[in-house]
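The block underneath contains the structure these notes are about, expressed in structure tokens.
The values are calculated or read from the model by the stated rules, or taken from the named source; none is laboratory data. This is a predicted model, so every value here is computed, not measured. Cβ placement follows ideal geometry from the backbone for every residue including glycine, while neighbour counts extend to all protein chains displayed. Ligands, DNA and RNA are excluded from the accessible area calculation, which covers all protein heavy atoms including side chains. Shrake-Rupley method; radii C 1.70, N 1.55, O 1.52, S 1.80 Å.
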Protein chains: 2
Amino acid sequence: MHTPLNHDIRIAVSTVIFSLRARTEGDSLMIPLVKRTRDPHDGMWALPGGWLREDEGLEDAASRTLAETTALAPTWLEQLYAFGDVERAPTRVVSIVYWALLRSDHVEAQRAADGAPDNVEWFDVDDLPALAFDHNAIVEYAVWRLRNKVGYSRIAAGLLPDEFTLAELRSVYETVLGSRLDPSNFRRLLEGSEALVPTDSFRTGNHRPAQLFRYNAGPDLSTRGPIA
Amino acid sequence: MHTPLNHDIRIAVSTVIFSLRARTEGDSLMIPLVKRTRDPHDGMWALPGGWLREDEGLEDAASRTLAETTALAPTWLEQLYAFGDVERAPTRVVSIVYWALLRSDHVEAQRAADGAPDNVEWFDVDDLPALAFDHNAIVEYAVWRLRNKVGYSRIAAGLLPDEFTLAELRSVYETVLGSRLDPSNFRRLLEGSEALVPTDSFRTGNHRPAQLFRYNAGPDLSTRGPIA
DNA sequence: TCAAAAGTGTTAGACTTACACCCATGT
DNA sequence: ACATGGGTGTAAGTCTAACACTTTTGA
């Protein structure tokens, strides 16, 4: 007896890359998609990704395709799920999907520098076209995970610059969660959370200056990965 | 330019299978391991698993290897993580790992019927030998996930027969979490949770008879998978 | 009748939520 | 001076944890 070989199953690594983008009313949660230039699904939008190389780890592959797509390094990168249904593509492909957060200021800077990278476009997660393969379901699951994780970890700050006001951080939560939060309660909750440390700077602008905060360097104990 | 092919990366599917087993003092959380009969790591204990076949989905592969190892169907089966570091095995292998729960009564019945299946042995998760590959780290992560999930979902009952007393269910929580729970608070918490419905039967035995409960058929809304 | 587990009641504290209110700034 | 967001105070409601107490059985 012999176990059937699986050399004809290919492994792809794709990434759902989140960032925020200012809109007329409030921000939007956006992801970059790539227009496919070959069959299957030629011409449709798909998640950035590529084949796993023999000499790179899964997370390395995710970082690589992320960099190829956005020329940026993420503030957060985490495995989402391995999708491997037999019929999810015409040939047998197992996709190992990651999700990532990019700082909004980096994305804006990159966008200004680059003009428009070919075949890449940012879409509002609440207003996606029909995507290639099972990518709509994948994005939906990634959004669910992000929303969920925002509630019990400090990843929200991964969408902001190093220093930010509480209102800016609250706005991130509101955009991600899709609901309003009470400013005073939000402040108390986060101020009492250790992780957040005030700086000496203030954001001056339209009204009373707001104190800037940063996250301390310590590890986020509310979350853990498979290794440690 | 050509993307390097990845036909020499093989895909394995393994499963961390949890069940409870009565011990002198309290129960223990146990998993079955398989003794390897070939290199690499010949003779060491490893998670049950096998190569992914071209015509089966990931979850199907997990179910298959689970059945091959224990001749049982799980009450819970969920993807844990995809492990794909380059150096985790001498040849390049990406392991997609699932974790599962088995009802303790089924395991006991199966054990009695079968004698001892070759090369398979059950181990206490708190007292494992050095396992093949990175399997110790994988089990540790699976235990973390189980503990975590027990806190906010109803999966604990997946380790018990259909009907159980609240004390039995509490004992499962205590074994999994590794801490004692207040019986009265536990009762109130679960009785108020809808999902648990009382039956007309009572478990008679040493002391005052305890009412038997079962979980209602409805979906566990506290958890969700990648598809829906 | 007594030990032990089943099951009920009660209370103190923690945490959440809602909202009234004062503060500091740009216009 | 005033509109607006920054920031503080407070009280009601909910959730949690600890534990005293009553009930029901087997031995």
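So is A:Ile31 open to solvent by less than 10 Å² (accessible area, probe 1.4 Å), away from chain B (no Cβ under 14 Å) and modelled with pLDDT of 95 or more or not?
Numbers: open to solvent by less than 10 Å² (accessible area, probe 1.4 Å): yes; away from chain B (no Cβ under 14 Å): yes; modelled with pLDDT of 95 or more: yes.
In short, yes.
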Open item on the list: For region A:172-198, give me the residue count where each residue is at pLDDT below 95 and either touching a Ser or Thr at 6+ places or on another chain (Cβ under 7 Å) or hydroxyl-bearing (Ser, Thr, Tyr) (or both).
Closed with: 2
TODO: Tell me which of these B:Phe164 doesn't satisfy, since it passes every other one: (1) surrounded by 19 or more Cβ atoms within 10 Å (Cβ to Cβ); (2) away from DNA strand C (no atom under 12 Å from the Cβ).
DONE: (2)
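If you take the residues of region B:43-65 that are among the aliphatic types (A, V, I, L, M) and surrounded by 23 or more Cβ atoms within 10 Å (Cβ to Cβ), which of them is nearest to the other protein chains (Cβ to nearest Cβ)?
Kept after step one, since they are among the aliphatic types (A, V, I, L, M), are these residues of region B:43-65: B:44, B:46-47, B:52, B:58, B:61-62.
So of that shortlist, the ones also surrounded by 23 or more Cβ atoms within 10 Å (Cβ to Cβ) come out as B:47, B:52, B:61-62.
Values: B:Leu47: 14, B:Leu52: 5, B:Ala61: 8, B:Ala62: 10 Å.
Applying the filter and picking the extreme gives B:Leu52.
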TODO: Scan A:Ala130, A:Ala142, A:Ala112 and give me the residue that is under 15 Å from the mean Cα position of the chain (by Cα) and small (Gly, Ala, Ser).
DONE: A:Ala142
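Within region B:172-204, restricting attention to residues that are part of a loop (DSSP other than H, G, I, E, B) and over 21 Å from B:Asp27 (Cα atoms), which residue is nearest to DNA strand C (Cβ to nearest atom)? Give the derivation first.
First, the residues of region B:172-204 that are part of a loop (DSSP other than H, G, I, E, B): B:178-182, B:192-195, B:204.
So of that shortlist, the ones also over 21 Å from B:Asp27 (Cα atoms) come out as B:192-195.
Working: B:Gly192: 11, B:Ser193: 14, B:Glu194: 16, B:Ala195: 17 Å.
The residue in question is B:Gly192.
For region A:110-120, give me the residue count where each residue is in a loop (DSSP other than H, G, I, E, B) and not acidic (Asp, Glu).
So the first thing to find is which residues in region A:110-120 are in a loop (DSSP other than H, G, I, E, B), and the list is A:115-119.
Within this subset, residues satisfying the condition of being not acidic (Asp, Glu) are A:115-117, A:119.
Count: 4.
Of all residues in region A:205-224 being within 16 Å of DNA strand C (Cβ to nearest atom) and under 17 Å from A:Val150 (Cα atoms), which is nearest to the other protein chains (Cβ to nearest Cβ)? Show your work before the answer.
Keep residues of region A:205-224 that are within 16 Å of DNA strand C (Cβ to nearest atom), which gives A:205-212, A:221-222.
Still in the running and under 17 Å from A:Val150 (Cα atoms): A:221-222.
On the way: A:Leu221: 13, A:Ser222: 11 Å.
Checking each candidate, the answer is A:Ser222.
Each row is one residue, and each column tells you yes or no for (1) within 22 Å of B:Arg154 (Cα to Cα); (2) surrounded by 14 or more Cβ atoms within 10 Å (Cβ to Cβ); (3) not charged (D, E, K, R).
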position	(1), (2), (3)
B:Val86	no, yes, yes
B:Thr91	no, no, yes
B:Ser95	no, yes, yes
B:Leu102	yes, yes, yes
B:Ala109	no, no, yes
B:Asp124	no, no, no
B:Asp127	no, no, no
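Could you identify the single residue in B:Phe123, B:Phe133 that is in contact with a strand residue (DSSP E or B) (Cβ under 8 Å, 6 or more places away or on another chain), more than 10 Å from chain A (Cβ to nearest Cβ) and assigned to a loop (DSSP other than H, G, I, E, B)? Don't jump to the end; show me each part of the working.
Working: B:Phe123 fails: assigned to a loop (DSSP other than H, G, I, E, B).
Matching residue, one of B:Phe123, B:Phe133: B:Phe133.
Identify all residues within region A:197-213 that are open to solvent by 90 Å² or more (accessible area, probe 1.4 Å) and either within 11 Å of DNA strand D (Cβ to nearest atom) or of a type outside the set (Asp, Glu) (or both); write none if there are none.
Filtering region A:197-213 down to residues open to solvent by 90 Å² or more (accessible area, probe 1.4 Å) leaves A:200, A:202-204, A:206-208.
Selection gives A:Phe202, A:Arg203, A:Thr204, A:Asn206, A:His207, A:Arg208.
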TODO: Go through region A:26-67 and give me each residue that's farther than 23 Å from A:Gln110 by Cα, in contact with a strand residue (DSSP E or B) (Cβ under 8 Å, 6 or more places away or on another chain) and free of Cβ contacts under 8 Å to residues at least 40 places away in the same chain.
DONE: A:Gly43
